[in-house]
Amino acid sequence: MPRGQFYTVFTLGFASAIAILGIVTGVVLFFWHEPTWRIAWALGAYGNHLSPLYSGLIVAGAAVFVAYWIVRIQQAVVRWSGDRLIARLNQQYTAIAQTQGCEYADEFMRLQAQSIIEESEGKPFNLFGREKMLHAAAAAGVQIRPPA
């Protein structure tokens, strides 16, 4: 499994665990009133200001909020990394096209894409990119053949 994909799967699993744990804790606080009253007493909210319903919703909502932002931050990092890679490939393509011509640059990029695909062939998962790359290459008319 590629390193970036491992980070994505790990982050999604970690965020899901946080969200599920928070929702379960919220349900427990809703049905088991003693922790709610202890929290209310510790916060100085006497009487009915902090009911079990509100405490459960606050805990579950906070957990889902934290899980959401963990995933958002991780996806922003992945998007930034992908944009950086695309910019680097575009810079290579432009440099080769200026020195050798567009045909040579197209062939170079085709071979580079083919090497990326062949590198991922032996790996068990490549869900985030291989199919999109193959589709884009097929749409551009590039035929990728396995090595002989």
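Only the coordinates and a few stated rules stand behind these numbers; no lab work does. Worth saying up front: this structure is predicted, and the values here are computed from it rather than measured. Please note: Cβ atoms are built from the backbone with ideal geometry, for glycine as well, and neighbour counts cover all protein chains shown.
Descriptive notes on the structure:
- With R₀ fixed at 41 Å, the C-beta to C-beta distance from Phe31 to Asp83 puts the FRET efficiency at about 0.30.
- Relative contact order (%) - criterion: Cα under 8 Å, at least six apart; region: region 1-74: 47 percent
- The modelled label-to-label distance for the pair Ile20/Phe65, using points 7 Å beyond Cα in the direction of Cβ, is 2.4 nm.
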